[in-house]
Amino acid sequence: MRRRAVALQQEIGSRALPVVLALAVAASLGLSGCASMNQKFADSASQLPHVGLSSNAPARPAEQMAYPAVHDVPPPRTAVMLTDVEQHKLETDLLAARDQQQISAGVPLASRKKKEAAKTEATKTEATKPDTARPAPAPAAAPASSGRIY
């Protein structure tokens, strides 16, 4: 019984294949004709009233604009990188300017806040450190093997 069902399915499948191919070819031919018809329709329909561009639309430019130069790479930089000393001096100057602005605005200094936060963090870590005077307990020994392989 099962063999008959499989044979029937194969027979129907082999019959349906040419039909499916014929439909696919007909659809592709039909759609390819739409491209030329679409251009003809666009030319004639654009002349109809209330279709196409409005009367106050700007005219298209006679020459198309060039694409932006996306592959042009800027020239290499001529500026020299700061040395470590120059960078440190720049950072300290910026910090001094920030502190001066905060003092004139009446805001507590950010550098003081950071120092105070670092001090409190240090005291917290010292309080949580284990006592090094006491030796650490020895790890528990592993149980002896019975010699069996499971």
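Does Thr78 count as within 33 Å of the chain's Cα centre (by Cα) and surrounded by fewer than 10 Cβ atoms within 10 Å (Cβ to Cβ)?
yes
Out of all the residues in segment 42-96, which are acidic (Asp, Glu) and at pLDDT 80 or above?
Correct list: Glu63, Asp72, Asp84, Glu86, Glu91, Asp93.
Given (1) surrounded by 10 or more Cβ atoms within 10 Å (Cβ to Cβ); (2) outside any helix (DSSP H, G or I); (3) of a type outside the set (D, E, K, R); (4) at pLDDT below 90, identify the lone condition not met by Ser111.
Status for Ser111: all satisfied but (2).
Check whether at least one residue in segment 124-133 is exposed (fewer than 10 other Cβ atoms within 10 Å of the Cβ), of a type in the set (Asp, Glu) and at pLDDT below 70, and report yes or no.
Yes, segment 124-133 contains a residue that is exposed (fewer than 10 other Cβ atoms within 10 Å of the Cβ), of a type in the set (Asp, Glu) and at pLDDT below 70.
The values are calculated or read from the model by the stated rules, or taken from the named source; none is laboratory data. The structure presented is a predicted model; accordingly, all values stated were derived computationally and were not measured. Using ideal geometry, Cβ is built from the backbone for each residue, glycine included, and neighbour counts are taken over all protein chains shown.
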